[in-house]
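Worksheet: the structure to be examined is printed underneath.
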Amino acid sequence: MSAAKFVSIHPGHSAELLRQALAVKGVAADVHDGYGLALVSVWVGLVVWCDGNHFWWRTGWNAGRRRVIYAWHPAIDPVRAAHRVAMRYADLRSTQSATGPLAELLRETEHER
């Protein structure tokens, strides 16, 4: 009997695949790669981390335990992860009102589409 082999994908490559899958859903994002991790910056308060094995992002706060709540998804499935991240993005967009420079930038971006 042989041990199962764990396949790891380069974090930057995984993050880029997630960014592309988000773009298909109309969600703009930026990828930042280095030091063995990659970040996909999606929205204020929504950054997806990737180590090549998993994507993870903050989904809330547990006041009782005083800890952040994270969601995670296998990095080998960036399309489904993008669906979950896009749902979180929609939640954040609906609950956060953009004011000041961010609001102005959003209006300009929406106008260009």
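When residue 65 is evaluated against the numbered criteria (1) loosely packed, with under 15 Cβ neighbours inside 10 Å; (2) of a type outside the set (Gly, Ala, Ser); (3) outside any strand (DSSP E or B); (4) in contact with a helix residue (DSSP H, G or I) (Cβ under 9 Å, 6 or more places away or on another chain), which criterion, by number, is the only one it fails? Single failed check for residue 65: (4).
Out of 85, 79, 40, 27, one residue alone is at pLDDT 95 or above, assigned to a strand (DSSP E or B), surrounded by 13 or more Cβ atoms within 10 Å (Cβ to Cβ) and of a type in the set (Val, Ile, Thr). It is 40.
Each residue in segment 53-62 was checked for being touching a helix residue (DSSP H, G or I) at 6+ places or on another chain (Cβ under 7 Å) and either of a type in the set (A, V, I, L, M, F, W, C) or surrounded by 19 or more Cβ atoms within 10 Å (Cβ to Cβ) (or both), and 2 of them qualify. When segment 33-62 is limited to residues that are small (Gly, Ala, Ser) and touching a Ser or Thr at 6+ places or on another chain (Cβ under 9 Å), the one that is farthest from residue 95 (Cα to Cα) turns out to be 52. Residue pairs whose Cβ atoms lie under 7 Å apart, separated by 6 or more positions or on different chains, with the first residue in segment 59-87 and closer than 21 Å to residue 23 by Cα and the second charged (D, E, K, R) and surrounded by 15 or more Cβ atoms within 10 Å (Cβ to Cβ), are 59/88; 71/84; 73/84. Residues in segment 6-24 that are in contact (Cβ under 8 Å) with a residue 40 or more places away in the chain, more than 15 Å from residue 54 (Cα to Cα) and surrounded by fewer than 16 Cβ atoms within 10 Å (Cβ to Cβ): 20, 24.
The values are calculated or read from the model by the stated rules, or taken from the named source; none is laboratory data. None of the values given here were measured: they were computed from a predicted structure. Positions of Cβ are generated from backbone atoms using ideal geometry, with glycine treated the same way; all protein chains shown enter the neighbour counts.
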